[in-house]
Amino acid sequence: MKRIAIFASGTGSNAQKILTYFKDSDKIKIALIVSNKPQAGVLNFAKEFGTPTLIIEREQFLKGDGYVPHLEAAKIDWIILAGFLWKIPVSLLNHWGKKIINIHPALLPNYGGKGMYGEAVHQAVINAKEKESGITIHYVDEQYDHGATIFQATCPVLPSDNAASLANRIHTLEHLHYPPIIEKEILSQAD
Ligand code: GRF
């Protein structure tokens, strides 16, 4: 059984889909939900699924032990980011190396990097008059939105779109693809 920690800062709709997808899996278990926000919506989903939670603080995460001992104690094999807004510290990258995955709501390498999250991403895509946007599922390295791409899917940007309508279309793509891509990636590397 591979044990996953989901890191999320917000609503957690992707986390909810991942929790649902792996609910009855005998190969992958969502063992922990980690959030930097005590009020984050994702914590309601954790409660609903009976998944343990860990609320983290900035200093300890970014400049301290990175909560590595907590994650080790929970026997975490993989870290899945689902709307997590802090940069991943070297302490975690050293420990989990190529076992940290993120999803970004645009087609990287464009429209990524610091500050490119939430509606800002979709507004930038619309401002640039792109005809297409999409999602990127990728490994995490020491730079924002930078690691190797695992998977991309596209959707149209319509002339009538605003950031909210494009965000909705992108969310649908994320919910469809993120859980099975996580499964495929983890199982392809299982020993
Ligand atoms: C998603 O759009 C994801 O791509 C980005 O943050 C958003 C999280 O949404 N990294 P939710 O909290 O899962 O609804």
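The values are calculated or read from the model by the stated rules, or taken from the named source; none is laboratory data. All values derive from a computational prediction rather than experimental measurement. Cβ sites come from the backbone with ideal geometry, for glycine too, and all protein chains shown count toward neighbours. All accessible areas refer to the heavy atoms of the entire protein, side chains included, with ligands and DNA or RNA removed. Shrake-Rupley method; radii C 1.70, N 1.55, O 1.52, S 1.80 Å.
Key figures
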{"read-out": "Residue under evaluation Asp145, criteria (1) within 15 Å of the ligand (Cβ to nearest atom); (2) not in a loop (DSSP other than H, G, I, E, B), criterion not met", "value": "(2)"}
{"read-out": "Condition check for Pro52: modelled with pLDDT of 95 or more, away from the ligand (no atom under 12 Å from the Cβ) and under 19 Å from Lys75 (Cβ atoms)", "value": "yes"}
{"read-out": "Enumeration of residues in region 68-114 that are away from the ligand (no atom under 12 Å from the Cβ), open to solvent by less than 60 Å² (accessible area, probe 1.4 Å) and outside any loop (DSSP other than H, G, I, E, B)", "value": "Val68, Leu71, Trp78, Ile79, Ser91, Leu92, Leu93, Trp96, Ile100"}
{"read-out": "Candidates Leu32, Leu107, Leu19, Leu81 - the one that is more than 19 Å from His177 (Cβ to Cβ) and not acidic (Asp, Glu)", "value": "Leu32"}
{"read-out": "Inter-residue pairs, beta-carbon under 8 Å, first outside any loop (DSSP other than H, G, I, E, B) and in region 24-47, second among the aromatic types (Phe, Trp, Tyr) and open to solvent by 30 Å² or more (accessible area, probe 1.4 Å), 6+ apart", "value": "Ile30/Phe49; Ile33/Phe45"}
{"read-out": "The one condition in (1) of a type in the set (S, T, N, Q); (2) at pLDDT below 95; (3) surrounded by 14 or more Cβ atoms within 10 Å (Cβ to Cβ) that Gln143 fails to fulfil", "value": "(3)"}
{"read-out": "Some residue of region 170-185 being in a loop (DSSP other than H, G, I, E, B) and away from the ligand (no atom under 14 Å from the Cβ)", "value": "no"}
{"read-out": "The one condition in (1) within 19 Å of Gly12 (Cα to Cα); (2) in contact with a Lys or Arg (Cβ under 8 Å, 6 or more places away or on another chain); (3) surrounded by fewer than 21 Cβ atoms within 10 Å (Cβ to Cβ); (4) hydrophobic (A, V, I, L, M, F, W, C) that Cys155 fails to fulfil", "value": "(1)"}
{"read-out": "Hey, Gly41 under 15 Å from the mean Cα position of the chain (by Cα), of a type outside the set (A, V, I, L, M) and crowded, with 23+ Cβ neighbours inside 10 Å or not", "value": "no"}
{"read-out": "Per-region count, region 44-53, residues of a type in the set (A, V, I, L, M, F, W, C) and open to solvent by 30 Å² or more (accessible area, probe 1.4 Å)", "value": "2"}
{"read-out": "Residues that are open to solvent by 70 Å² or more (accessible area, probe 1.4 Å) and not small (Gly, Ala, Ser), drawn from region 158-186", "value": "Leu158, Pro159, Asn162, Asn168, His171, Thr172, Leu176, Lys184"}
{"read-out": "Breaking point among (1) assigned to a loop (DSSP other than H, G, I, E, B); (2) buried (at least 17 other Cβ atoms within 10 Å of the Cβ); (3) touching a Gly at 6+ places or on another chain (Cβ under 6 Å), for Tyr117", "value": "(3)"}
{"read-out": "Residue in region 120-139 that is open to solvent by 90 Å² or more (accessible area, probe 1.4 Å) and within 14 Å of the ligand (Cβ to nearest atom) present", "value": "no"}
{"read-out": "Contacts under 7 angstrom Cβ, first residue in region 179-191 being under 17 Å from Leu19 (Cα atoms), partner in a helix (DSSP H, G or I), 6 or more apart", "value": "Pro179/Lys17; Pro179/Ile18; Pro179/Tyr21; Ile182/Ile18"}
{"read-out": "Region 148-167, residues that are assigned to a helix (DSSP H, G or I), within 13 Å of the ligand (Cβ to nearest atom) and small (Gly, Ala, Ser)", "value": "Ala163, Ala164, Ala167"}
